Amino acid sequence: GYYAQAFSIALLPATAVAPIVARVSIATYAEVQHNRVLLERAFAITNFFLVRLIVPASIFVAFESKDIVRVFLSSNWGAVAEPLTALTGLVLTVPLFENAKMILGSTLKLTQISVVRGLQLLLLVILIWLFQSGGILYIALAVSLVNVLGYIGLMIYLKRIVRTRWRENFVPPLVIGTIVALIVGIVIGPPLSNLLPPAVGIEVPIARLII
């Protein structure tokens, strides 16, 4: 269905960076887990690069979802654009959550991971029940919200172990990513759209979400 296609596209950035998190991060964190200075430095470096990859990708998905759908699918899948935009929070937080989770895994704080995941699942069930009348757009928004809140909660807990450096990590890529997305949308987007098949039934997702 439309949601399944949107979900698959939304996970592409996470799939691309998964080897970094799965093979490099946890091994590094486990090696330096008893040295807080080195552990904090390793986390900061990994997070630094992940944020600078994922934040611009998330902004691009939010602003250019209709063209992304036409590139990966076709104009016949126009209804995928709106839930894809709503899944921007998922695009942003899945790789970052996995990286943060590796800190807890490497220090054997497995109970905390289970608690966060359990609370996320409970909140998701509640939100889906509340938003079910809104269709797949609101379900996608619920998924994004749950992932964003889960990541924030995990990072708040991680403050006991490492410095999170919110401003240093997120402000520069957020500003740069927004500028790049605007340039793509205003300068590159129109000519590119003319080269792609007509977008049957595609609305501008950002406009509908704001309205």
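The values are calculated or read from the model by the stated rules, or taken from the named source; none is laboratory data. Source: prediction; values computed, not measured. Here Cβ is always computed from backbone atoms with ideal geometry, including for glycine, and neighbour counts include all displayed protein chains. For accessibility, only protein heavy atoms count, side chains too; no ligands or nucleic acids. Shrake-Rupley method; radii C 1.70, N 1.55, O 1.52, S 1.80 Å.
Observations on the model:
- Å² of accessible area per residue within region 77-162, as computed with a 1.4 Å probe and no ligands counted: 44 Å²
- Region 111-166: trypsin sites (Lys or Arg not before Pro) in DSSP coil with no more than 15 other Cβ atoms inside 10 Å: LYS159, ARG160, ARG163, ARG165
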